[in-house]
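Below: one structure, written as structure tokens.
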Amino acid sequence: MANSTTTFAFSLSSINLNNGLLEITALTTLIGSEVALSLSLGTRGAAGIAWAPMSAFGTVGIIRACLSGITPGWLRETLSLRTSASDTAIGMDLKLTDSARAIKVRKQLDRPLGIVCDARECPSDTDFGCKLKYTSWKDVYAFDHMTSVMFNKLPDINLDSELRVFIHAQYEFRRYLRIHDTKFQLAALSLSLFKIAEVYTIWALGGNVYTGMISSIPWLYFFLVAIAVEVQEQIIKRWPEIEPGNVDIIAGQLPAVGYEGGKRKVVLGAFDNPKLSLRWKIMWGAGALLCSSSLVLTYFLLGQEPRVVLFAWVGFQILWLALRISLYHFAERDDTLWEHALVGRSLDSLSLYMKHRVLLLTLALSKYQAHIHPRGEYSYKEDCFSGKEIALLRTASMSHSYPFNNAGLSSSLKLRVIGVIGDTTLSSAAWITGKSKLTPMVVYDSCIVIFSLPPILGPNARHITLAVPAVRVLSASVDIPLDALENHTPVFVEKGSANHGRYLSWIYWIPYGEALWLYFATETDTMKIVGDHDAQILNDEQVTAKLTAGTLNISFMHVLDVKETLKTSQEAACALFELLS
């Protein structure tokens, strides 16, 4: 028992963490971290990847870069892993899903620069009202360098001007995709092999061979990664010009409630950023693990080494640091486009497939607006955001009013609603097509309601689909006793006011015949619109009476407000149909 205790005490005393310069050198892991961070993200090609971990000074930056490369945008922002270098390398975006974490981060950011869709991930083919996952729809807060260069070369399309969609031109001859200096990259990669001299020197001076080997593990790993990246670049250089990509982007001054929107640029078929692929994420994930482990073990082992070994190790780190900084400043960026020309096309000249991709961008923009809408994203759960749903309007009948039934007048009518296209989609379509007057605030209460008509109203006694521009408002009304109505003060809430998400329901006015309205409200809180509804048939005077009572907590005061909004709905519907025709 005594012997074991003595052995344990001896082991602890052998761990010397105070050999003079160790505490100082530990702080140097922060020196040059910005350069190491940028290089490890591949901004200077394969050589930069290999040189990033050459010096232990700046390892913290490499770990941060690797973590930023493998984390989604919302987590990168939350953990403060986002940097200007990460924005340049991989951009910054948030998925337009119903993730509470992404929604929270989105509220803390400035307005996005654009919207991105992947044409390979079109919304699933489902019926109206089904919940969809928009896995490829993203709002972008920083474009990567390659995309930024592309957009900087494109002219701005003013809001009042006809939309021009830019697509990649096709060539009959071979062109390279990227500028890539192979000789420089190979020379720099070869020079990084001098890292082996550091391992040998530590061993020759009487140091533990494991100290040099463990210190060099990050370099060895990234050196092998760099070779793989360089081989991939050589393969790409020898390919003929590839077909246009599947990434569609709309950039500019995006519209939203409180923002009218401005200039816009639309690109169809942009190329994927290879650094967003799974293999890069795996590479960065393993790199973060190796760098973290190596850093801890290296300083642990250095605590056991004599001063001469420590001085030699520090000297090598300073040398590699100076050479790494030189490489960073003299090497050219390795991800610029090779003058890949873009051709502007009018919307009318596009094929039906290309128009559908523009439509998907419009719907993605609509989804973004819903996420930041004062009404709350939960108010738009049943709105149509599927490209398949909206495309069905091509075959649906369009009418300015619900067909009037002459079989006999009654006080109510049963309706079957199969979908609704809300204000966010209409304002997005208006912005895309250049209808500058139809801002999100103007179309705030506009919508298109899609009905399934009963056989008695349809031709040849069969169900048909009918789309009708209509008016809807979000009401937070509460029941007021009849005896208290006389003393109730009318309340009117301005458009754009936020709500707290309780006791809410959508109220709809559908034009019916020449001078009547179909009026109905969704169930409180559920706000379910798809399904059967019993609508009241009201004339103008009855609509005005409901509004002037001031119990609905909305902005409308008179039927004239409803009629004015209906005209806006009809104009916005025409803008949407421009994308469908």
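The values are calculated or read from the model by the stated rules, or taken from the named source; none is laboratory data. All figures in this text were calculated on a predicted structure; none of them were measured in a lab. Don't worry about glycine lacking a Cβ; one is built from the backbone with ideal geometry, like all the others, and counts go over all protein chains shown.
Quick check on this structure: which one of 363, 392 is more than 30 Å from residue 111 (Cβ to Cβ) and either in a helix (DSSP H, G or I) or β-branched (Val, Ile, Thr) (or both)?
The match here is 392.
Quickly run through region 267-318 and pick out the residues that are among the hydroxyl-bearing types (Ser, Thr, Tyr) and over 30 Å from residue 354 (Cα atoms).
Across region 267-318, the qualifying residues are 292, 293, 294, 298, 299.
In this structure, is residue 367 crowded, with 18+ Cβ neighbours inside 10 Å and among the charged types (D, E, K, R)?
Values: crowded, with 18+ Cβ neighbours inside 10 Å: yes; among the charged types (D, E, K, R): yes.
Yes.
Confirm whether residue 562 is over 29 Å from residue 431 (Cα atoms), modelled with pLDDT of 90 or more and buried (at least 18 other Cβ atoms within 10 Å of the Cβ). Steps first, please.
Values: over 29 Å from residue 431 (Cα atoms): no; modelled with pLDDT of 90 or more: yes; buried (at least 18 other Cβ atoms within 10 Å of the Cβ): yes.
Criteria not met by residue 562.
Could you tell me whether residue 226 is among the small types (Gly, Ala, Ser), in a helix (DSSP H, G or I) and within 18 Å of residue 39 (Cβ to Cβ)?
When the stated conditions are applied, residue 226 passes them.
Would you confirm, using the coordinates I've provided, whether residue 221 is touching a residue at least 12 places away in the same chain (Cβ under 8 Å), outside the structural domain of residue 433 (by TED's automatic domain parsing) and closer than 29 Å to residue 366 by Cβ? First the steps, then the outcome.
Values: touching a residue at least 12 places away in the same chain (Cβ under 8 Å): yes; outside the structural domain of residue 433 (by TED's automatic domain parsing): yes; closer than 29 Å to residue 366 by Cβ: no.
It is false that residue 221 is touching a residue at least 12 places away in the same chain (Cβ under 8 Å), outside the structural domain of residue 433 (by TED's automatic domain parsing) and closer than 29 Å to residue 366 by Cβ.
Exactly one condition in (1) in a loop (DSSP other than H, G, I, E, B); (2) among the small types (Gly, Ala, Ser); (3) surrounded by 13 or more Cβ atoms within 10 Å (Cβ to Cβ) is not met by residue 206; state its number.
(3)
Quick one: what pairs do we get from region 519-533, first residue assigned by TED's automatic domain parsing to the domain that holds residue 419 and charged (D, E, K, R), second surrounded by fewer than 18 Cβ atoms within 10 Å (Cβ to Cβ) and assigned to a strand (DSSP E or B), C-beta under 7 Å, 6+ apart or different chains?
532/414; 532/416
I'm checking my understanding of the structure. Among residues of region 528-559 that are crowded, with 17+ Cβ neighbours inside 10 Å and in contact with a Lys or Arg (Cβ under 8 Å, 6 or more places away or on another chain), which one is nearest to residue 494 (Cα to Cα)?
Across region 528-559, the extreme among qualifying residues is 555.
Look at residue 212 and say whether it is modelled with pLDDT under 90 and crowded, with 20+ Cβ neighbours inside 10 Å.
no
Scan 449, 420 and give me the residue that is buried (at least 17 other Cβ atoms within 10 Å of the Cβ), under 30 Å from residue 258 (Cα atoms) and in contact with a Cys (Cβ under 7 Å, 6 or more places away or on another chain).
Only one candidate passes the filter, namely 420.
Grab the helices (runs of 4 or more DSSP H) fully contained in region 1-113, keeping just those with 1 or more residues being of a type in the set (A, V, I, L, M), surrounded by 15 or more Cβ atoms within 10 Å (Cβ to Cβ) and at pLDDT 60 or above.
Details: elements: 2-13, 22-27, 33-40, 45-51, 59-70, 73-78, 84-90, 100-108.
Passing ranges, in order: 33-40, 45-51, 59-70, 73-78, 84-90, 100-108.
Between a first residue in region 229-244 that is in a loop (DSSP other than H, G, I, E, B) and a second residue that is modelled with pLDDT of 75 or more and among the small types (Gly, Ala, Ser), which pairs have beta carbons less than 7 Å apart while being 6 or more apart in sequence or on different chains?
Within 7 Å, the pairs are 244/269.
Only one residue in 76, 64, 101 is without any contact (Cβ under 8 Å) to a residue 60 or more places away in the chain and closer than 30 Å to residue 198 by Cα. Which one?
Result: 64 is the single residue among 76, 64, 101 that is without any contact (Cβ under 8 Å) to a residue 60 or more places away in the chain and closer than 30 Å to residue 198 by Cα.
Do we find a residue being within 21 Å of residue 330 (Cα to Cα) and either touching an Asp or Glu at 6+ places or on another chain (Cβ under 9 Å) or at pLDDT 95 or above (or both) anywhere in region 164-172?
Filtering region 164-172 down to residues within 21 Å of residue 330 (Cα to Cα) leaves none.
Scanning region 164-172, I find no residue that is within 21 Å of residue 330 (Cα to Cα) and either touching an Asp or Glu at 6+ places or on another chain (Cβ under 9 Å) or at pLDDT 95 or above (or both), so the answer is no.
Do we find that residue 277 is among the hydroxyl-bearing types (Ser, Thr, Tyr) and without any contact (Cβ under 8 Å) to a residue 40 or more places away in the chain in this structure?
Here the answer is yes, as residue 277 does meet what is asked.
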